[in-house]
Amino acid sequence: MRTRRLGSIDAIRAITMYLMVFVNDLWTDKAIPEWLEHAPAKADGMGFADIIFPAFLFIVGLSIPYSQQSRLDRGQSSALIFRHIVIRSLALIVMGFFQMNMENYSDQSLLPRPIWIILVTVSFFLIWLDYPKTKRKLMGWMQALGISILIVMAAIYKGTSPNGIIWMAPHWWGILGLIGWAYFACATVSLVAKEKLWILILFFVFFVAFNSSIMLDAPAFASGFRHLITSLGLGNASNSSVTILGVISAVFYRKFSQKPGKIEMILFLMAILLFAFGFATRPLWGISKIRATPSWTTICAAISILAFALLIFLVDRKGKENWFRLIKPAGTSTLTCYLLPYFHLAIFISLIGIHLPLVMRTGIVGIIKSLVFALVIVIITGWLEKRRLRLKI
């Protein structure tokens, strides 16, 4: 089967990352439509921003079968591939853990919050930069420096809580950490399943059933698994549900890509079933990103699947890669693109105190500003990528 890089996957990854930078900048804007933002925790509904994180999880799943097959083609054993899964997962979990603790950083800490954020983010680049294979010695020194910085940043950290000053703790895992846990679960399942669709679908059903049981507070089902699942960082398995759907979609594509129209029809039917489940069960638990309800999970997954089907048609069938050339770096250096706004936040907003006039951050003008900001981040990502300054885990 093919293991070449697929244009449709790069395109959906680029679009998703661009939109993630965009929605993450909306907090700087005023008087923008509510439908663009995250819905409140108790609301039965979702905004545009609530769709983006599940899309990110979906594209993580899409890449898993191709990555694993590529490693198998190079002669790597399953044990070696699992080792790679563990290393990648730990990298994401560590980054997410530090970023999550940025939120509760105390003014009583030794360093100002912006400096701490900058040093932590720099350490991520030092540790996980895509170093040339000919620079092994340099890589060793830079990674040692990055790890040392992280250790020092952890040692001096002070956080705030209702009970006073606390040290770093996993109040939640951060966006990257949640992705890391879901990746670990689904990549491991994919490795064991060896592209057997019935196994992958069985795990999807299990994840959704577990998620549903938590929402319904059904101890008879959940008691045997809840402690195990939650202790593994998988929460209520909502994130794993979306990620495994990405794996399933990729496996379907690998099996039926040579039959024009068939894979698109399969993906369309998957989306219809997910929409039907999501809306049919909505009265039970509502649609909520904050509570990670099954309806939110399946509806967002259906949207991502339809987007993937459309991009298969446009990019892989019709060769419209150029339509997405401007934002391509967001799809090829995704992690770099995600981290760059942290430098902007810490340096320009927090340290220097640069704020655009209110008129440029209000209404439609503010939305355009955030769209342009996201594009600038992608362009900088591309500039860095050309100079081999990109993260690779």
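Computed from the coordinates by the stated procedures, all read-outs in this text should not be read as laboratory data. Quick caveat, the model's predicted, so the values are computed rather than measured. Here the Cβ positions follow ideal geometry from the backbone for every residue, glycine too, while neighbour counts run over all protein chains shown.
What the table below lists for this structure:
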{"quantity": "For the stretch 304-331 versus the stretch 14-46, the gap between their alpha-carbon centres in whole angstrom", "calculated": "23 Å"}
{"quantity": "Loop trypsin sites (Lys or Arg not before Pro), the stretch 1-59, which have at most 10 other Cβ atoms in a 10 Å radius of their Cβ (DSSP)", "calculated": "ARG4, LYS42"}
{"quantity": "Charge sum, other residues only, whose C-beta stays under 14 Å from THR281's C-beta, Lys/Arg counted +1 and Asp/Glu -1", "calculated": "+1"}
{"quantity": "For the chain, size of Cβ-based charge dipole, Lys and Arg +1, Asp and Glu -1, in debye", "calculated": "1580 debye"}
{"quantity": "Length added when fully stretched, ARG387-LEU80, from 0.36 nm per residue minus Cα-Cα", "calculated": "107.5 nm"}
{"quantity": "Rg/Rh ratio calculated on Cα atoms of the stretch 12-137 (Kirkwood radius)", "calculated": "1.04"}
{"quantity": "Within straight-line cross-link reach of LYS262, aspartates and glutamates at Cα separation under 17 Å, skipping those fewer than 8 residues along the same chain", "calculated": "ASP316"}
{"quantity": "Order of GLU103, GLU37 under a 10 Å beta carbon neighbour criterion, fewest first", "calculated": "GLU103, GLU37"}
{"quantity": "Other-chain or far-sequence residues with amide H under 5 Å of ILE166's (modelled H)", "calculated": "GLY159, THR160, SER161"}
{"quantity": "Vicinal HN-Hα couplings computed from phi for the stretch 240-248 (Karplus, 6.51 cos²θ - 1.76 cosθ + 1.60; Hz; Gly/Pro x)", "calculated": "5, 4, 5, 5, 5, 5, x, 4, 4"}
{"quantity": "The chain: calculated mean residue ellipticity at 222 nm from DSSP helix runs of at least 4, using -39500 (n - 2.57)", "calculated": "-21500 deg cm²/dmol"}
{"quantity": "Net lengthening on full extension, ASP130/ASP217 (0.36 nm per residue, minus Cα-Cα)", "calculated": "26.8 nm"}
{"quantity": "Hz values of 3J(HN,Hα) by residue in the stretch 107-119 - Karplus curve (6.51, -1.76, 1.60), Gly and Pro given as x", "calculated": "5, 7, 5, 5, 9, x, 3, x, 5, 4, 4, 4, 5"}
{"quantity": "Largest-first principal axis extents, alpha carbons of the chain, Å", "calculated": "56, 53, 46"}
{"quantity": "The stretch 103-160 versus the stretch 373-390: alpha-carbon centroid distance in Å", "calculated": "21 Å"}
{"quantity": "Among ASP73, ASP130, ASP25, residue whose mean-square fluctuation peaks in a GNM of the chain (springs only between Cα atoms under 10 Å)", "calculated": "ASP73"}
{"quantity": "Unsatisfied cross-links (Cα-Cα over 19 Å) in the set LYS30/LYS328; LYS158/LYS392; LYS133/LYS328; LYS328/LYS386", "calculated": "LYS30/LYS328; LYS158/LYS392; LYS133/LYS328"}
{"quantity": "Relative packing of peptides 191-198, 352-359, 205-212, 328-335 - highest average C-beta neighbours within 10 Å first", "calculated": "328-335, 205-212, 191-198, 352-359"}
{"quantity": "Amide H contacts under 5 Å for THR362, placed H, 5+ residues apart", "calculated": "LYS30"}
